[in-house]
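> What follows is a structure written as structure tokens; I'll ask about it next.
The values are calculated or read from the model by the stated rules, or taken from the named source; none is laboratory data. Remember, it's a predicted structure, so these values are computed and weren't measured experimentally. All Cβ positions, even for glycine, are placed from backbone atoms using ideal geometry, and neighbour counts span all protein chains on display.
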Amino acid sequence: MTRTIFTWLFRLLAAVIMLQTLYFKFTAQPESVQLFTQLGMEPWGRIGTGVAELLASILILIPRTSLLGALMGLGLMCGAVFFHLTKLGIYFGGNAILFSYAVICLVCCLALVVLYRKQIPHLLKLKL
């Protein structure tokens with residue numbers, strides 16, 4: 001029972017964090033455009049990241065595909081943390097909210113990968 005509660009907590013937290021950023025990415029809000037311009041990835045990086053985060057969020061929320069979504073989210077958040085530490089700074093836009101969300105989401109996705117680690121061999125056998 002406790003495992004189920006924590007699993008859903010990690011799923012919901014990771015998905016909500018990724019989904020709430022989509023408005024800013026898909027509507028080309030100035031903060032999002034500035035961030036991806038600074039990375040040299042505007043607009044394709046902003047839109048591509050948004051699509052990937054949407055897909056990862058959906059996959060995380062479906063129990064059968066949570067591992068795949070968590071792996072995607074883990075990769076996306078590793079990229080976000082990397083860029084904050086190397087090019088953007090932790091306090092992008094005057095605060096550390098984006099960096100904090102990326103770290104929280106990364107931890108949630110990592111926890112999901114650990115919780116679903118026994119499914120990894122099955123994921124590797126899939127024929128796409």
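> Can you pull out every residue in the range 38-49 that is in a helix (DSSP H, G or I), closer than 23 Å to M72 by Cα and either over 15 Å from the mean Cα position of the chain (by Cα) or of a type outside the set (K, R) (or both)?
So in the range 38-49, the residues in a helix (DSSP H, G or I) come out as 38, 44-49.
So of that shortlist, the ones also closer than 23 Å to M72 by Cα come out as 44-49.
W44, G45, I47, G48, T49, listed by residue number.
This table checks each residue for (1) within 19 Å of Q20 (Cβ to Cβ); (2) modelled with pLDDT of 95 or more; (3) polar (S, T, N, Q).
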{"residue": "V33", "(1), (2), (3)": "yes, yes, no"}
{"residue": "Q38", "(1), (2), (3)": "no, yes, yes"}
{"residue": "W44", "(1), (2), (3)": "no, yes, no"}
{"residue": "A52", "(1), (2), (3)": "yes, yes, no"}
{"residue": "L55", "(1), (2), (3)": "yes, yes, no"}
{"residue": "P63", "(1), (2), (3)": "no, no, no"}
{"residue": "L76", "(1), (2), (3)": "yes, yes, no"}
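> Here is a follow-up. Identify the residue in the range 20-78 that is of a type in the set (D, E) and closer than 15 Å to L98 by Cα and, among all such residues, is surrounded by the fewest Cβ atoms within 10 Å (Cβ to Cβ).
First, pick out the residues of the range 20-78 that are of a type in the set (D, E): 31, 42, 53.
Next, from what is left, pick out any that are closer than 15 Å to L98 by Cα: 31, 53.
Numbers: E31: 11, E53: 25.
My answer is E31.
> Also: Could you check, for the range 72-93, whether at least one of its residues is under 12 Å from A14 (Cα atoms), in contact (Cβ under 8 Å) with a residue 12 or more places away in the chain and touching a Phe, Trp or Tyr at 6+ places or on another chain (Cβ under 8 Å)?
Quick first cut of the range 72-93, residues under 12 Å from A14 (Cα atoms) only: 72-74, 76-77.
Narrowing further to those that are in contact (Cβ under 8 Å) with a residue 12 or more places away in the chain: 72-74, 76-77.
Narrowing the set further to residues that are touching a Phe, Trp or Tyr at 6+ places or on another chain (Cβ under 8 Å) leaves none.
Taking every residue of the range 72-93 in turn, none turns out to be under 12 Å from A14 (Cα atoms), in contact (Cβ under 8 Å) with a residue 12 or more places away in the chain and touching a Phe, Trp or Tyr at 6+ places or on another chain (Cβ under 8 Å).
> Scan the range 72-83 and give yes if some residue there is part of a helix (DSSP H, G or I) and farther than 30 Å from T4 by Cα, otherwise no.
Start the filter on the range 72-83 by keeping residues that are part of a helix (DSSP H, G or I), which leaves 72-83.
Now drop any that are not farther than 30 Å from T4 by Cα, which leaves 82-83.
Yes - at least one qualifying residue is present in the range 72-83.
> Would you mind stating whether K118 is modelled with pLDDT of 95 or more, assigned to a helix (DSSP H, G or I), surrounded by fewer than 13 Cβ atoms within 10 Å (Cβ to Cβ) and among the basic types (K, R)?
Values: modelled with pLDDT of 95 or more: no; assigned to a helix (DSSP H, G or I): yes; surrounded by fewer than 13 Cβ atoms within 10 Å (Cβ to Cβ): yes; among the basic types (K, R): yes.
No: the conditions fail for K118.
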